[in-house]
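Here's the structure, in structure tokens; my notes come after.
Laboratory data are not the source of any read-out in this text; all were calculated from the coordinates shown. Since the model is a prediction, treat every value here as computed from it, not as a measurement. Backbone-built Cβ (ideal geometry, glycine too); neighbour counts: all protein chains shown.
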Ligand SMILES: Cc1cc2nc3c(=O)[nH]c(=O)nc-3n(C[C@H](O)[C@H](O)[C@H](O)COP(=O)(O)OP(=O)(O)OC[C@H]3O[C@@H](n4cnc5c(N)ncnc54)[C@H](O)[C@@H]3O)c2cc1C
């Protein structure tokens, strides 16, 4: 089969790998507009269900991704100088650039043809392709060219964000809230590599414009933000990607849905098909899941591309409804953060619990008592040991190639968030 992937992000590359493993006879070409080794963004977080799925599909990639990822154990919520509140759970994270390096090398090894610095502007040049995979990301040109048939709807978040790094290595995942003269602003920080952390800055427009962040040069903006969070950064810097120093521009969360994930011989996958707010750390995980689902559907239906795309759409798309709802809940919760932080008698422990529950109310009472217990150091350590034991069990299951990725995912995401 002649397959063309437009976009060489995690979705396009992992689909190419999965499809080529299933049928080495496919000719698969991936077209990526950026040069090799260049990407946007810092680290991405995931849970070890992703490893389970990666091991099930391609242990070679899985081993490298596991080796390149770091563990964050527990979550800390810091509100200015108030006592820290704690949440349980754990997760993994790694640099996006490293992930892409691993996927590119593996795709190449399998015989996928990779074309960098090739922006696709017209599908006419691929008229003879049996299947076109639109893996061209959140602003997918292929999707936008036919929004009506895909049934695209978009919600835009109110808050601004910046995806930055810092040369401070954080251990646990951190939510850090600071009050400024213009209002609240906060960080989401997690492991990037041994020397650095990913650092997402988020604030409502009142704070963003009030601080003049939109008026500053990139260097001034980073210095100003590092100053606001200095007590948490211990003198470390906030950093922007070298090639993107000139693009330190606040962005809004964008929530894209499609009522249909294919038309003719074109399949939408990854962010082109759906986006989830960064605060639930799921976009890459879902892109990988789409890639597997589409490769399986293509494999199951042989040369019948229409049947494969129908099967992919009807099985995979409904699975994401719930996650997309959670992502919207999370985005809207973060828009209400200033109101919650300014409420009379605001208590960091209660606020931290609200963060954990922001994906919808799964409010078994014992979870609240567990949360209260987690604030006590001894009990937190005991909970950490139980979590570590669960992690080891998952590791052993994976080694035996057992367990259900989907079940593990839902449970672990709930526990960690
Ligand atoms: C701030 C932030 C934090 C995030 N944190 C996490 C996280 O912690 N965990 C997580 O799982 N996810 C996270 N995500 C989401 C994650 O980055 C995306 O969901 C993921 O990258 C989607 O992969 P993709 O391959 O679909 O799209 P992309 O990674 O966007 O890749 C699309 C590729 O297509 C290329 N392209 C576009 N148009 C064309 C064209 N016409 N021709 C050729 N090439 C083209 C682009 O250059 C790009 O390389 C985060 C996102 C943001 C914005």
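Summed over qualifying helices (DSSP H, 4 residues or more, each -39500 (n - 2.57)) and divided by its residue number, the chain shows a 222 nm mean residue ellipticity of -13500 deg cm²/dmol. Extending 7 Å from the Cα toward the beta-carbon at both residue 101 and residue 378 defines two label points whose distance is 4.6 nm. Here each label is just a point 7 Å from Cα along the line to Cβ, and for residue 56 and residue 260 those points are 2.9 nm apart. Region 171-223 and region 62-120 have Cα centres separated by 20 Å. At an R0 of 41 angstrom, the distance between the Cβ atoms of residue 167 and residue 130 translates into a FRET efficiency of 0.30. For residue 217 and residue 343, the difference between the fully extended length at 0.36 nm per residue and the C-alpha to C-alpha distance is 42.0 nm.
At full extension, residue 395 and residue 1 could sit 138.2 nm farther apart than now, given 0.36 nm per residue minus the alpha carbon distance.
Extension gain, residue 108 to residue 306: 0.36 nm times the residue separation minus the Cα-Cα distance gives 68.5 nm.
Each Cα pair under 8 Å and six or more residues apart adds its sequence gap; the mean of these over the residue count of the chain is a relative contact order of 22 percent.
So, R0 is 30 Å and r is the distance between the beta-carbons of residue 299 and residue 115; what FRET efficiency does that work out to, to 0.05? Plugging the Cβ-Cβ distance into 1/(1 + (r/R0)^6) gives 0.80. Using the empirical formula 2.2 N^0.38 Å as the baseline, the Cα radius of gyration of region 67-210 reaches a ratio of 1.41. Computed packing ranks the peptides 117-125, 280-288, 73-81, 27-35 as 280-288, 27-35, 73-81, 117-125, most packed first, by mean other Cβ atoms within 10 Å.
Tell me the angle of helix 377-399 to the major Cα principal axis of the chain, expressed in degrees between 0 and 90 and rounded to the nearest ten. Compared with the principal axis, the helix lies near 10 degrees.
For the pair residue 156 and residue 224, label points projected 7 Å from Cα toward Cβ lie 2.1 nm apart. Between the beta carbons of residue 22 and residue 386, assuming R0 = 30 Å, the FRET efficiency works out to 0.20 to the nearest 0.05.
Label zone (residue 251, point 7 Å along Cα-to-C-beta; backbone nitrogen cut-off 17 Å) within region 159-174: 159-166.
Please check which bits of region 172-216 a label hung off residue 80 would reach, taking the label as a point 7 Å along Cα-to-C-beta and the cut-off as backbone N under 18 Å. Hits in region 172-216 for residue 80 at 18 Å: 175-187, 203-204, 207-208, 211. The alpha carbon centroids of region 332-375 and region 125-149 are separated by 41 Å.
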